[in-house]
Amino acid sequence: MGEQDDVTAVTTPEQFKALCHPARHRLLFALGQGQATISQLAATLGSNKGNVAHHLNVLLSAGLVEPAGSRTVRGGTEQYYRRASRGLKYDDAVTTEVAFRALAAEIAAAQPEPFLTLRTLRLTPEHAAQLTATLRDLADRAEDGPAQPRYGLLLGLYQPARQPPPTGPIPA
């Protein structure tokens, strides 16, 4: 796995375990800005280096983060880390819930106030496929400029699970 890989399918028990803690999602969000050291990540997340190192090691063991080189600083060596891929793909409900909790915390802390809308659309299957392709293209075209402010981009299109019709009388 390398930086050029687009999406990692989460399939191993180690990956699921690694993604069941919101701090690890926050680390992955932070590494979305580029490579960083444990000290830089601790400062970004407002955490201590020991906590960051522990969670980073879990992500490393799961193959979700990888070393990105090192440099000598004042007689010591700083290790840099990066995400192993741009994104993650998983169908597990528990992991999805944890990921969304971490995302919710990031959105809640956003300054200035984020734009966020959730609405229902009625689409033909063809229209849904076309919209999905457009959203994928938008996500792939988003270019990072290192000197520019960082923005999060959350895109999604899903068909809600069908609920069985209620049985019995409908409450008034």
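Label-point separation (nm) for Thr120 and Arg162, each offset 7 Å from Cα along Cα-to-Cβ?
For the pair Thr120/Arg162, the computed spacing is 1.5 nm.
Please turn the phi angles of the stretch 127-141 into ³J(HN,Hα) values with the Karplus equation 6.51 cos²θ - 1.76 cosθ + 1.60 (θ = phi - 60°), one per residue in order, whole Hz, x for glycine and proline.
Residue by residue, the stretch 127-141 yields 5, 4, 5, 5, 5, 4, 4, 5, 5, 4, 4, 4, 5, 6, 7 Hz.
For the chain, place one equal point scatterer on every Cα, skip the solvent, and apply the Debye formula. What is log10 of I(q)/I(0) at q = 0.08 Å⁻¹?
-0.32
How do Arg71, Arg122, Arg24 stack up against each other in accessible area, from largest to smallest, with a 1.4 angstrom probe? Walk me through the intermediate numbers first.
Working: Arg71 125, Arg122 225, Arg24 25 Å².
Sorted by accessible area, descending: Arg122, Arg71, Arg24.
Select from Val52, Val73, Gly34 the residue farthest towards the positive end of the dipole of the stretch 1-98; place +1 on Cβ of Lys and Arg, -1 on Cβ of Asp and Glu, and compute about the Cα centre.
Value: Val73.
Could you size up the charge dipole of the chain around its Cα centre, putting +1 on the beta carbon of Lys and Arg and -1 on that of Asp and Glu, and report it in debye to the nearest 20?
Here the chain has a charge dipole of around 360 debye.
Using only the alpha-carbon atoms of the stretch 39-126 as identical scatterers, what base-10 log of I(q)/I(0) does the Debye formula give at q = 0.10, 0.20, 0.21, 0.25 Å⁻¹?
-0.42, -1.23, -1.29, -1.43
The values are calculated or read from the model by the stated rules, or taken from the named source; none is laboratory data. This one's a predicted model, so the numbers in the text were calculated from it and none came from an experiment. Heads up, the Cβs are rebuilt from the backbone with ideal geometry, glycines too, and the neighbour counts pull from every protein chain shown. With ligands, DNA and RNA removed, areas are computed over all heavy atoms of the protein, side chains included. Shrake-Rupley method; radii C 1.70, N 1.55, O 1.52, S 1.80 Å.
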